[in-house]
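Here's the structure, in structure tokens; my notes come after.
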Amino acid sequence: MSTKHIVLHDKAFRLMIENSRLEEAIDSVAAQLNRDFADAPTPPVLLCVLTGSIMFTSELMKRLDFNLEVLSMKLSSYQGTSSTGEIKEVMGLTGSVEGKTVIIIEDIVDTGNTIVELVDILKERGAADVKVCTMLLKPEVYHKSIKMDYVGMEIPPAFIVGFGLDYNELGRNYPDIYVLDPDYPVK
Ligand code: IMP
């Protein structure tokens, strides 16, 4: 049986993580959040970091059984298959975080530049507390001091797409995760 591939623009990607494994990881993160926020005095904010986190946020929030608000904002750092290191606020926060506990919902933490910038922005805007929840973490690349409070899965430092993640805006809709396969012929 041949391995499953998708082609996006000029590159091929090979199946790496099936959706069922992602769902198990989300179940586990949701259970931890349900335990930690069951008795929260005020509803926390889930902050969906657009666009990559939309699939993770929607899968996660339907498993959460405490009251919460959902806000979003859009940042961008990636161009093609690598981080530029420069974070741009493409769309501002869709509501107030003043005095609230904010749970950042990230698709993936790679260098951590985005998360560092985001935590600064949220503190500046008056968030009472900031937690980080990421579907995927590349621990071999991440060396910042901000604690990852909730992590779905750790992955090696390769470029991936699917489950919200893109290569130049394509690939977000696939429910599985695919990894760049430079050896696969692209017609
Ligand atoms: P960081 O600032 O380097 O931690 O990168 C964070 C952002 O870069 C993520 O929210 C993604 O949008 C994007 N990103 C990081 N790694 C990948 C990847 O392997 N594939 C697609 N996008 C990625």
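Quick check on the chain: helices-only [θ] at 222 nm, where DSSP H runs of length 4 and up contribute -39,500 (n - 2.57) each and the sum goes over total residues. Nearest 500, please. Could you put the intermediate results ahead of the total?
Values: 3 runs with 39 residues, N = 187.
Theoretical 222 nm ellipticity from helices: -6500 deg cm²/dmol.
For a distance above 19 Å, tell me the whole-number percent of Cα pairs in the chain that qualify. Numbers along the way, then the final one.
Working: 10055 of 17391 pairs.
That tail contains 58 percent of the Cα-Cα pairs.
Springs between alpha-carbon atoms under 10 Å, Gaussian network over the chain: tell me which of Val102, Val49, Val90 tops the mean-square fluctuations.
The residue that fluctuates most here is Val90.
What is the log10 of I(q)/I(0) for region 1-110, computed with the Debye formula using one identical point scatterer on each Cα and no solvent, at q = 0.15, 0.21, 0.24 Å⁻¹?
One equal scatterer on each Cα of region 1-110 leads to -0.80, -1.22, -1.36.
Per-residue accessible area for Arg172 at 1.4 Å probe radius, Å² rounded to 10?
Arg172 exposes around 40 Å² with every protein chain in place.
Starting at the first residue of region 132-149, write each ³J(HN,Hα) from the Karplus equation 6.51 cos²θ - 1.76 cosθ + 1.60 with θ = phi - 60°, in whole Hz, x for Gly and Pro.
Working through the residues one at a time gives 10, 10, 10, 5, 10, 9, 9, x, 6, 9, 7, 10, 7, 8, 5, 6, 8, 6 Hz.
In the chain, what percent of the accessible surface is made up of carbon and sulfur (1.4 Å probe, ligands and nucleic acids excluded)? Walk me through the numbers before you get to the answer.
Numbers: 4500 of 9370 Å².
Whole-percent figure for carbon plus sulfur exposure: 48.
How large is the charge dipole for the chain, taken about the Cα centre, if only the Cβ atoms of Lys, Arg (+1) and Asp, Glu (-1) carry charge, to the nearest 20 debye? Walk me through the numbers before you get to the answer.
On the way: 18 positive and 28 negative charges, 36 e Å.
The dipole magnitude comes to about 180 debye.
Nearest 20 debye, what's the magnitude of the dipole of region 93-187 about its Cα centre given +1 on Lys and Arg Cβ and -1 on Asp and Glu Cβ?
Working: 9 positive and 16 negative charges, 47 e Å.
Magnitude of the dipole: close to 220 debye.
Could you tell me what percent of the DSSP beta bridges with both partners in region 24-115 are antiparallel, to the nearest 5? It would help to have the intermediate numbers written out before the result.
Working: 5 of 15 bridges.
Taking every DSSP beta bridge with both residues in region 24-115, the antiparallel ones total about 35 percent.
Excluding ligands, DNA and RNA, what is the solvent-accessible area per residue of region 50-148 at a probe of 1.4 Å, expressed in Å²? Let's see the in-between values first.
Values: 4680 Å² over 99 residues.
For region 50-148, the per-residue accessible area is 47 Å².
Please name whichever of Ile115, Val132, Pro44 sits farthest to the positive end of the charge dipole of the chain, dipole taken about the Cα centre and charges placed at Cβ: Lys and Arg +1, Asp and Glu -1.
Working it through, the farthest residue towards the positive pole turns out to be Ile115.
How about region 28-103: which chymotrypsin sites (Phe, Trp or Tyr not before Pro) there lie in a loop by DSSP and see at most 14 other Cβ atoms within 10 Å?
Filter output for region 28-103: Phe66.
Once you've got the Cα coordinates, tell me which of Lys62/Lys187; Lys74/Lys131; Lys11/Lys131 are over 29 Å apart.
Violating the 29 Å limit, Cα to Cα: Lys62/Lys187; Lys11/Lys131.
Counting DSSP beta bridges with both partners in the chain, what percentage is antiparallel, nearest 5? Please list the in-between numbers first.
Details: 17 of 39 bridges.
The answer is about 45 percent antiparallel.
Rank Ile26, Ser82, Met153 by how far each Cα sits towards the positive end of the charge dipole of the chain (+1 on Lys, Arg Cβ; -1 on Asp, Glu Cβ) and give me just the farthest.
Positive-end residue among those listed: Ser82.
The values are calculated or read from the model by the stated rules, or taken from the named source; none is laboratory data. Note that the coordinates shown come from a computational prediction; the quantities given were computed from them, not determined experimentally. FYI the Cβ positions are ideal-geometry reconstructions off the backbone, even for glycines, and counts take in every protein chain you see. Remember, those area values only see protein heavy atoms, side chains included, never the ligands or the DNA or RNA. Shrake-Rupley method; radii C 1.70, N 1.55, O 1.52, S 1.80 Å.
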